[in-house]
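The values are calculated or read from the model by the stated rules, or taken from the named source; none is laboratory data. All values derive from a computational prediction rather than experimental measurement. Using ideal geometry, Cβ is built from the backbone for each residue, glycine included, and neighbour counts are taken over all protein chains shown. Calculation scope for accessible area: heavy atoms of the full protein, side chains included, ligands and nucleic acids excluded. Shrake-Rupley method; radii C 1.70, N 1.55, O 1.52, S 1.80 Å.
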Amino acid sequence: MSRYKKIIISFFIFFNLLCMLRVHLPLETKLFSAIYKPVDFYLSFFSIYQDWMMFAKNPSRSNSFLTADVEFVDGTFQTFQFPSSSSLTYGEKYKYGERFRKIISESVFMPNKKFLLKDVARFALRKLKTSHSNKIPKKVYLKKHFFLTPLITDEFIPHQSTKYNYQVTTIYTHEVI
Amino acid sequence: MYQGSSCLQFFNHFFFEEKTTENISFFRIFWMSILFIHYLFDISNIADFYGPHALVSLSTVKEQFPFFHANLFHLSNGSYEFAFGIALIYGISIITSLFGLYTRISIVTVLICMTSFHQRNIWLLSSSEVLMRTITLLLIFTPCGNSYSLDSVISFKKRKWPVWGTRLIQLQVSVIYLWTAWHKLKGDTWVDGTAVYYATRLESFTNNTIPYLMDSQAFLKMATWGTLILEISLGSLIWFSEFRKSLIFLGIIFHLGIEYVMTIPFFEWYMIALLCVFLTPEEIRGTVNKALRILKALSQKPFLEKVS
């Protein structure tokens, strides 16, 4: 390998090492912000910011899922439950369960991602439309079902327990008409 | 393991030593096989996640990500034809990468299609998908099509190659284990030994149970601290030949254990594949030759004998 080729590859190696460490070394001095500029562009372009913080610092204690209650003009209601991993088979979890869990618990329920709520309500509406095409929808209520695992010192919950008492709150109301 | 009188010598030896390419080629096959299974699972989600009536509309995505990035969906109106078209190209390119046909261009195509699907609805994604993009991107820079590939059958491929591409993937694996352990050490539940208890009580992650053990506080504590010790070891000691094989074995058991008890789709399988990058070309060659000999021996015996 020629010397010049080696130098170019060495820069590329250094660049990749910076990409791996970027999230963990946010040293915002003038020099580093200049170095990080191309790194940030590269990471954003492929969306490869990596924090590797699964179950860190502490595993979450919150169990949650989402339902959408649709109110029709005739005064009746119908509920659409977004797929929740706890009621899915192993294959279904692999197929879409984890994806619904991720967007619902880590985005839809987050105050800084309220822009997703309208799309999510309309999605539920479309899903119910196939079985209730003769009814005119009026409102969609997105409801958060939430249960916090108690501290182990307060109560020990056996593995695969069914003792989850979910609380419900309405997080968004979508006016259809 | 690595001796050198100066940092430069060490760097030169570590990244530019020439080795045969069986290990990274084997990894290509392993990685692309998992990607293909993942793809087959995902293909039925096009209507819900990527089509014109998806959970998150394309207009919301465009509003939130107005900057230049790898997402072919930004060039379209998000129609079903477009989504299925990309899915078709994605599937074909995974297969050609798996068989090592036009390997580099195939992996580039895999990466572009994969990133497009991922960025079409980024809020759905977890660590598995970040890993998919990160490693597939690094794989482009390796000579992974030089062995066990159609490319190597069709045309002559250099037998030895500098290992820098493979080293980047190995370093990435170390970074994953070390950072995750570092962040966990900052949390009190990992230190007091209750983290595995809380993680396994998350209803949406539950898979199978292990009778008695999953309800034993002593076992849960051992599992918590064992996780930390193993993650730190996998990120550091795996570089030393004395520990490498046993750590790869323990790492595989560790990830299979998580897969049995919890559902974190595909992540554990991707990590198992990544541990195999630490096997040497000689070890891979030996294993493949052994497997071929067994297959050959089996194919020469009558059917009933094979079954018995």
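Quick notes
- Of the residues making up the range B:251-305, those that are open to solvent by 30 Å² or more (accessible area, probe 1.4 Å), free of Cβ contacts under 8 Å to residues at least 60 places away in the same chain and under 30 Å from B:THR224 (Cα atoms) number 7.
- Number of the exception - B:VAL196 against (1) within 26 Å of A:HIS24 (Cα to Cα); (2) surrounded by fewer than 18 Cβ atoms within 10 Å (Cβ to Cβ): (2)
- Cross-chain or 6+ apart pairs with Cβ under 9 Å, the range A:39-52 first and within 7 Å of chain B (Cβ to nearest Cβ), then part of a loop (DSSP other than H, G, I, E, B) and exposed (fewer than 15 other Cβ atoms within 10 Å of the Cβ): A:SER44/B:PHE67; A:SER44/B:PHE68; A:PHE45/B:PHE67; A:PHE45/B:PHE68
- Top-ranked residue in the range A:91-135 [being among the aromatic types (Phe, Trp, Tyr), within 17 Å of B:GLN119 (Cα to Cα) and under 13 Å from the mean Cα position of the chain (by Cα); ranked as nearest to the other protein chains (Cβ to nearest Cβ)]: A:TYR96
- Among residues of the range A:102-132 being crowded, with 18+ Cβ neighbours inside 10 Å and among the β-branched types (Val, Ile, Thr), the one that is nearest to B:ASN121 (Cα to Cα) is A:ILE103.
- Residues of the range B:163-175 satisfying the condition of being open to solvent by 10 Å² or more (accessible area, probe 1.4 Å) and facing chain A (nearest Cβ under 9 Å): B:TRP164, B:ARG167, B:LEU171, B:VAL175
- Single match in A:GLN167, A:GLN160 (criterion: touching a His at 6+ places or on another chain (Cβ under 8 Å), more than 20 Å from B:PHE49 (Cβ to Cβ) and free of Cβ contacts under 8 Å to residues at least 40 places away in the same chain): A:GLN167
- Filtering the range B:177-200 to residues that are among the hydroxyl-bearing types (Ser, Thr, Tyr) and within 8 Å of chain A (Cβ to nearest Cβ) leaves B:THR180, B:THR189, B:THR194, B:TYR197, B:TYR198, B:THR200.
- Given (1) within 7 Å of chain B (Cβ to nearest Cβ); (2) within 25 Å of B:VAL173 (Cα to Cα); (3) open to solvent by 30 Å² or more (accessible area, probe 1.4 Å), number of the condition A:ARG61 does not satisfy: (2)
- Within the span defined as the range B:201-212, every residue fails to be within 13 Å of chain A (Cβ to nearest Cβ), modelled with pLDDT of 95 or more and open to solvent by less than 60 Å² (accessible area, probe 1.4 Å).
- The condition of being touching a strand residue (DSSP E or B) at 6+ places or on another chain (Cβ under 8 Å), open to solvent by 10 Å² or more (accessible area, probe 1.4 Å), of a type in the set (Asp, Glu) and more than 9 Å from chain B (Cβ to nearest Cβ) holds for only one of A:ASP69, A:ASP74, that being A:ASP69.
- Filtering A:LEU116, A:LEU88 for residues that are touching a helix residue (DSSP H, G or I) at 6+ places or on another chain (Cβ under 9 Å) and at pLDDT 95 or above leaves a single hit, A:LEU116.
Here's the yes/no breakdown for (1) surrounded by fewer than 19 Cβ atoms within 10 Å (Cβ to Cβ); (2) within 19 Å of the chain's Cα centre (by Cα):
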{"residue": "B:LEU98", "(1), (2)": "no, yes"}
{"residue": "B:TYR102", "(1), (2)": "yes, no"}
{"residue": "B:THR109", "(1), (2)": "yes, yes"}
{"residue": "B:LEU137", "(1), (2)": "no, yes"}
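- Number of residues in the range B:167-205 that are within 22 Å of the chain's Cα centre (by Cα) and over 18 Å from A:LEU21 (Cα atoms): the value is 1.
- Within the range B:227-248, being open to solvent by 60 Å² or more (accessible area, probe 1.4 Å) and more than 27 Å from B:TRP164 (Cβ to Cβ) holds for one residue alone: B:ILE229.
- Only one entry in A:ARG99, A:ARG126, A:ARG122 is closer than 29 Å to B:TYR270 by Cβ and basic (Lys, Arg), namely A:ARG99.
- Filter result for B:GLY257 (farther than 24 Å from B:MET32 by Cα and out of contact with any Ser or Thr (no Cβ under 8 Å at 6 or more places or on another chain)): no
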